[in-house]
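Encoded as structure tokens, the structure appears first; notes follow it.
The values are calculated or read from the model by the stated rules, or taken from the named source; none is laboratory data. Just so it is clear, the model here is predicted, and its values are computed rather than measured. With ideal geometry, Cβ positions are generated from the backbone for all residues, glycine too; neighbour counts draw on all protein chains shown. Quick note on the areas: whole protein, heavy atoms, side chains included, nothing else; ligands and nucleic acids left out. Shrake-Rupley method; radii C 1.70, N 1.55, O 1.52, S 1.80 Å.
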Amino acid sequence: MVVVDVTSSMYPFVAQVLMWLQLHSSDDRVKQFVFFNDGDMVPEKNKVIGSIGGVYIGDFSNYNQIKKLANKAMRSGIGGMDIPENNLEAVLKGQASYEECSEII
């Protein structure tokens with residue numbers, strides 16, 4: 001499973017992840033992607049740790065599908081720049097949706 005921060009500060013690195021994926025799309029070791037933003041534009045004062053949201057999970061079946069999911073997560077979280085991060089929430093939700101996963105990147 002690959003967990004990716006798609007908040008605005010990470011955009012250059014999201015492009016690198018997508019390029020890597022495109023170059024290695026035949027590698028069947030990656031089964032799932034989890035993209036997360038700063039909580040789908042929920043105001044910081046309304047965020048509850050562990051329930052921030054903005055987590056998008058998709059099985060890796062083809063490059064274009066994952067690219068669309070990454071773009072959806074990015075567009076849904078525009079305007080972040082909040083201090084609370086939901087990276088561990090994303091990892092936990094990813095684990096819950098794909099229990100057979102043996103490695104998380």
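Regarding Gly39, is this residue assigned to a loop (DSSP other than H, G, I, E, B), surrounded by 11 or more Cβ atoms within 10 Å (Cβ to Cβ) and modelled with pLDDT under 90? It is true that Gly39 is assigned to a loop (DSSP other than H, G, I, E, B), surrounded by 11 or more Cβ atoms within 10 Å (Cβ to Cβ) and modelled with pLDDT under 90. Restricting the first member to segment 84-104 and to residues that are acidic (Asp, Glu) and modelled with pLDDT under 90, and the second to residues that are open to solvent by 60 Å² or more (accessible area, probe 1.4 Å) and not in a helix (DSSP H, G or I), no beta-carbon pair is closer than 7 Å while six or more apart or on different chains. Within segment 45-71, being in a helix (DSSP H, G or I) and under 19 Å from Trp20 (Cα atoms) holds for Tyr63, Asn64, Gln65, Ile66, Lys67, Lys68, Leu69, Ala70, Asn71.
Within segment 42-55, the residues that satisfy the criterion of being open to solvent by 80 Å² or more (accessible area, probe 1.4 Å) and closer than 18 Å to Val91 by Cβ are Val48, Ile49, Ser51. Residues in segment 37-55 that are in contact (Cβ under 8 Å) with a residue 40 or more places away in the chain and closer than 21 Å to Ala15 by Cβ: Asn37, Asp38. Assess whether Asp28 counts as being at pLDDT below 90, in a loop (DSSP other than H, G, I, E, B), of a type outside the set (A, V, I, L, M) and open to solvent by less than 40 Å² (accessible area, probe 1.4 Å). In short, no. Counting only residues that are within 13 Å of the chain's Cα centre (by Cα) and either buried (at least 19 other Cβ atoms within 10 Å of the Cβ) or of a type in the set (Gly, Ala, Ser) (or both), segment 56-73 holds 8 of them. Looking at the structure I just gave you, is Val17 out of contact with any His (no Cβ under 9 Å at 6 or more places or on another chain) and assigned to a loop (DSSP other than H, G, I, E, B)? No: the conditions fail for Val17. Of all the criteria given as (1) part of a loop (DSSP other than H, G, I, E, B); (2) open to solvent by less than 90 Å² (accessible area, probe 1.4 Å), the one not satisfied by Glu100 is (2).
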